[in-house]
1. What is the sum of charges around Leu53, taking Lys and Arg as +1, Asp and Glu as -1, for the other residues whose C-beta is under 13 Å from the C-beta of Leu53?
2. Lysines within cross-link reach of Lys32: Cα-Cα under 24 Å, excluding same-chain residues under 8 positions apart?
3. Compute the angle between helix 13-23 and the longest alpha-carbon principal axis of the chain, please, reported from 0 to 90 degrees and rounded to the nearest 10.
4. Considering only DSSP beta bridges where both residues belong to the chain, give the percentage that are antiparallel (nearest 5).
5. With n ≥ 4 as the cut-off for DSSP H runs, can you work out [θ] at 222 nm for the chain, using -39500 (n - 2.57) per run divided by the number of residues, rounded to the nearest 500?
6. Which listed residue (Tyr44, Asn5, Ile26) has the Cα farthest towards the positive end of the charge dipole for the chain, taking +1 on Lys and Arg C-beta and -1 on Asp and Glu C-beta about the Cα centre?
7. So which lysines can Lys60 reach, going by Cα to Cα under 24 Å and dropping same-chain residues fewer than 8 places off?
8. Return a whole-number percent for the relative contact order of segment 19-75, with Cα pairs under 8 Å and 6 or more residues apart as the contact set.
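None of the figures in this text is laboratory data; all of them are computed from the coordinates on show. Remember, it's a predicted structure, so these values are computed and weren't measured experimentally. FYI the Cβ positions are ideal-geometry reconstructions off the backbone, even for glycines, and counts take in every protein chain you see.
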Amino acid sequence: MTNTNVTNLRKNLFEYLNSAIEFNDIINVNTKKGNAIIISEQEYNGLMETLYLSSIPGMKERLIEGLNSKIEDCEEFEW
């Protein structure tokens, strides 16, 4: 995570945005009224998908079960 203030953000906006997009860096911008976070669209979409999956009843348990499964116990199928 990169921390900066709003003055530095204004001076180096392109570099901060580029860092967020290319390296999935999270930019924490400090202002007098509070902080703001800048993240890439890819990172945002990943967070939204995680929230969505977590909201489905039983999905969290199924995902954990899948992560703990041995590859030998899995079935192979074609799309």
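1. Details: positive: Lys60, Arg62; negative: Glu49, Glu61.
Neighbour charge sum, excluding Leu53 itself: 0.
2. Once the sequence-local lysines are set aside, what remains near Lys32 is Lys11.
3. 20 degrees
4. Values: 5 of 9 bridges.
Here the antiparallel bridges make up roughly 55 percent for the chain.
5. Details: 4 runs with 42 residues, N = 79.
Theoretical 222 nm ellipticity from helices: -16000 deg cm²/dmol.
6. Asn5
7. Here the lysines satisfying the reach criterion relative to Lys60 are Lys70.
8. Values: 34 pairs, mean separation 11.9, N = 57.
In percent, rounded to a whole number, it is 21.
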